[in-house]
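Q: Mind looking over this structure? Questions follow.
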Amino acid sequence: MVAPQRDSTRQKTARRKESGRSGSFGFAQGRRDDGVRQENPRGRGEPRPYKENCCGGRKAPAADGGRCKGRFAGRMPALLKERGVRFTVLGAGMMGCATVYDLGRAKDVTEILVGDFDLVRAEEVAKKYGGGKARAVFVDVRNTGELAKLVAGSEAVLNCTQYYWNLKVMKAALEARVNYLDLGGLFYTTRKQLEMDEEFQGIGKLAILGIGSAPGIANVMARYLADQLDRVEFAGVYNGSKDFQTYADAMSFGFSIATILDELTIAPMEFSKGRFVQREHFSGAEPMTFRKPIGKLVMRHSIHSEVATLPLSFESKGIRGASFKINYDPHLIEAVRLLTGIGLMEQKPVKVGDTEIAPRAFLEKILKSRPPSGKSPKDVETIRVIVRGRKGGKKKKLLLDATARHTTNPNFSAVARDTGFPISVAAQMIANGSIEAKGVQAPETVIPAREFLKEMDRRGIRISGATWR
């Protein structure tokens, strides 16, 4: 990778002062990858302080829901650069399809590169969803140099690949000097990505981490609610969904098999009493009722990126707690417990004849090789955010929902829509100047909340709650 030109310490300090930043950023050194207990949330590599927004340090009024006051505020999706805008979308899976579709419908987007290791798949996605603007290219994200050449000249690279590749794609974006967005990093990868803040600052570009549904829409809703409070004590994200399609068994997956298995097997993290704490798998059962047709569900802790950034972003408001919970099919939980019990979730290779193979890799291969069910999801998903705190000395509890439904034309699941559309919208907001921040950021620190949520609502991802207007 070609390293970006380094500024002097004096230049860096001046740049931080101009943007309202000061001090050291990131997580403390010595983080263990096997879990973090009672760790101070401050350190190197964290997102910018809460007071900053898309306009480089100007604080949004508390009652304004994070509304951007920059010169491009409220003008999405107009004012893209006159030369036309090219975006590169990596990953031609379900989420990538929705992202390409949304970009293809944007009148000011002139070119979309759809990159995937499976060129045939990329060609299908570009032709079907790209609105005549997309072309497919072969991509091996492991080859940073070649990837950098491919994405050079794009306004941004939208990383819809498996989160394992986030760091490599970020390095390619640095080398190509382009903006970067992804769909999340399951806490630990996100933390590593935050450490690249200074490098993106150095090239004057922005990297937004986790801008799908959750993380993504959830983070922006948390910002919208937090802006209405003087103090924030707790921010909780709840991912409630129900699929009314019938499948042969509980091991039918709506998105990346590897990611789902990771969510089910990596110990969840919670921010509790001002510390990051590791929780037991499927713990913290909390009954919750969502609007019909979802109804009553039981929410449980799961590993997720929101917990990695919300405590840092809202630290100045005194946050003491943050969590992510999701409902899993009870049959899936039992299946995972069984597979874990017999060792099929182990990453350490075992010898089988003359070959060594990791049981987890073998399981993924088996699951991926099963013939498709031929059935499309009939799902409904609600991302709910609850923020508790104080306003004028009085306790407040604020709630906001974002609900997506599957569609038949195009044939997208609710999960694909509320994950693939947000990254497209955020990329367009960077291009049209609605987001002007630089460095590595979480969605809640740079995206103008009201404008973004209105764009979600306009795409059929319905925003609701007593404070939404």
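The values are calculated or read from the model by the stated rules, or taken from the named source; none is laboratory data. None of the values given here were measured: they were computed from a predicted structure. Cβ coordinates were reconstructed from backbone atoms using ideal geometry, including for glycine residues, and neighbour counts include every protein chain displayed.
Q: Return the only residue of Glu436, Glu451, Glu455 being outside any helix (DSSP H, G or I) and either more than 24 Å from Gln162 (Cα to Cα) or not charged (D, E, K, R) (or both).
A: Only one candidate passes the filter, namely Glu436.
Q: Identify, please: which residue in region 309-368 is part of a loop (DSSP other than H, G, I, E, B) and β-branched (Val, Ile, Thr) and is, among those, surrounded by the most Cβ atoms within 10 Å (Cβ to Cβ)?
A: Start the filter on region 309-368 by keeping residues that are part of a loop (DSSP other than H, G, I, E, B), which leaves 314, 318-320, 327-329, 342-349, 353-354, 358.
This time we only want the ones that are β-branched (Val, Ile, Thr), so: 319, 342.
Working: Ile319: 26, Ile342: 10.
So the residue we want is Ile319.
Q: Right, something else. Would you mind finding the one in Gly66, Gly91, Gly84 that is modelled with pLDDT of 95 or more, within 24 Å of Ile447 (Cα to Cα) and of a type outside the set (Asp, Glu)?
A: Values: Gly66 fails: modelled with pLDDT of 95 or more; Gly84 fails: modelled with pLDDT of 95 or more.
Going through Gly66, Gly91, Gly84 in turn, just one is modelled with pLDDT of 95 or more, within 24 Å of Ile447 (Cα to Cα) and of a type outside the set (Asp, Glu): Gly91.
Q: OK, next. How do the pairs read when you match residues in region 189-214 that are modelled with pLDDT of 95 or more with residues anywhere that are acidic (Asp, Glu) and assigned to a loop (DSSP other than H, G, I, E, B), using Cβ under 7 Å and keeping only pairs 6 or more apart or on different chains?
A: Sorted first by the residue in region 189-214, then by its partner, the pairs are Leu194/Glu46; Gly202/Asp7.
Q: A further question on this structure: In region 173-193, what residues are of a type in the set (A, V, I, L, M) and more than 15 Å from Pro215 (Cα to Cα)? Lay out the reasoning, then the answer.
A: Here is the first cut: in region 173-193, the ones of a type in the set (A, V, I, L, M) are 173-174, 176, 178, 181, 183, 186.
Ala173, Leu174, Ala176, Val178, listed by residue number.
Q: Please identify the pairs in which a residue from region 283-312 that is closer than 14 Å to Ile266 by Cα and touching a residue at least 24 places away in the same chain (Cβ under 8 Å) has its Cβ atom under 7 Å from the Cβ atom of a residue that is in a strand (DSSP E or B) and among the β-branched types (Val, Ile, Thr), counting only partners at least 6 apart or on another chain.
A: Arg300/Ile326; Ser302/Ile326
Q: Going through Gly420, Gly389 one at a time, which residue ends up being more than 24 Å from the chain's Cα centre (by Cα) and among the small types (Gly, Ala, Ser)?
A: Gly389
Q: Hey, another quick one. May I ask you to list the residues in region 257-280 that are free of Cβ contacts under 8 Å to residues at least 60 places away in the same chain, surrounded by fewer than 18 Cβ atoms within 10 Å (Cβ to Cβ) and over 20 Å from the mean Cα position of the chain (by Cα)?
A: Start the filter on region 257-280 by keeping residues that are free of Cβ contacts under 8 Å to residues at least 60 places away in the same chain, which leaves 260, 268, 270, 272-273, 279-280.
Imposing the further condition that a residue be surrounded by fewer than 18 Cβ atoms within 10 Å (Cβ to Cβ) reduces the set to 260, 272-273, 280.
Selection gives Ser272, Lys273, Glu280.
Q: Taking the condition in contact with an Asp or Glu (Cβ under 9 Å, 6 or more places away or on another chain), surrounded by fewer than 18 Cβ atoms within 10 Å (Cβ to Cβ) and over 20 Å from Asn239 (Cβ atoms), does Gly439 pass?
A: It is false that Gly439 is in contact with an Asp or Glu (Cβ under 9 Å, 6 or more places away or on another chain), surrounded by fewer than 18 Cβ atoms within 10 Å (Cβ to Cβ) and over 20 Å from Asn239 (Cβ atoms).
Q: Which condition breaks for Ala73 when tested against (1) at pLDDT 95 or above; (2) touching a Pro at 6+ places or on another chain (Cβ under 7 Å)?
A: Every condition holds for Ala73 apart from (1).
Q: Give the number of residues within region 333-351 that are touching a helix residue (DSSP H, G or I) at 6+ places or on another chain (Cβ under 6 Å) and polar (S, T, N, Q). Break it down stepwise before answering.
A: We begin by selecting, within region 333-351, every residue touching a helix residue (DSSP H, G or I) at 6+ places or on another chain (Cβ under 6 Å); these are 336, 343-347.
Add one more test, that the residue is polar (S, T, N, Q), and what stays is 347.
The qualifying residues number 1.
Per-residue answers, yes or no, for (1) more than 19 Å from Met221 (Cβ to Cβ); (2) in contact with a strand residue (DSSP E or B) (Cβ under 9 Å, 6 or more places away or on another chain); (3) touching a residue at least 12 places away in the same chain (Cβ under 8 Å):
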residue	(1), (2), (3)
Ile357	yes, yes, no
Glu364	yes, no, yes
Lys368	yes, no, yes
Arg388	no, yes, yes
Ala414	no, yes, yes
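Q: Among (1) within 15 Å of the chain's Cα centre (by Cα); (2) surrounded by fewer than 22 Cβ atoms within 10 Å (Cβ to Cβ); (3) not β-branched (Val, Ile, Thr), there is one condition Glu233 misses while meeting the rest; what is its number?
A: Of (1) within 15 Å of the chain's Cα centre (by Cα); (2) surrounded by fewer than 22 Cβ atoms within 10 Å (Cβ to Cβ); (3) not β-branched (Val, Ile, Thr), only one is false for Glu233: (1).
Q: Restricting the search to region 384-429, which residues are farther than 25 Å from Ala322 by Cα and of a type in the set (S, T, N, Q)?
A: Thr407, Thr408, Asn409, Asn411, Ser413, Ser424, Gln428
Q: At pLDDT 95 or above, outside any strand (DSSP E or B), more than 21 Å from the chain's Cα centre (by Cα) and small (Gly, Ala, Ser): does that describe Gly185?
A: no
Q: Residues Val141, Val125, Val120: which one is touching a helix residue (DSSP H, G or I) at 6+ places or on another chain (Cβ under 9 Å), assigned to a helix (DSSP H, G or I) and within 25 Å of Val415 (Cβ to Cβ)? Give the steps one after another, and end with the answer.
A: Details: Val141 fails: assigned to a helix (DSSP H, G or I); Val120 fails: touching a helix residue (DSSP H, G or I) at 6+ places or on another chain (Cβ under 9 Å).
Just one listed residue meets the conditions, Val125.
Q: So Gly104 clears everything in (1) in contact with a Leu (Cβ under 9 Å, 6 or more places away or on another chain); (2) not in a loop (DSSP other than H, G, I, E, B) except one condition, right? Which one?
A: (1)
Q: Further question: Here are Ala218, Ala148: which of them is among the small types (Gly, Ala, Ser), assigned to a helix (DSSP H, G or I) and within 18 Å of the chain's Cα centre (by Cα)?
A: Ala218
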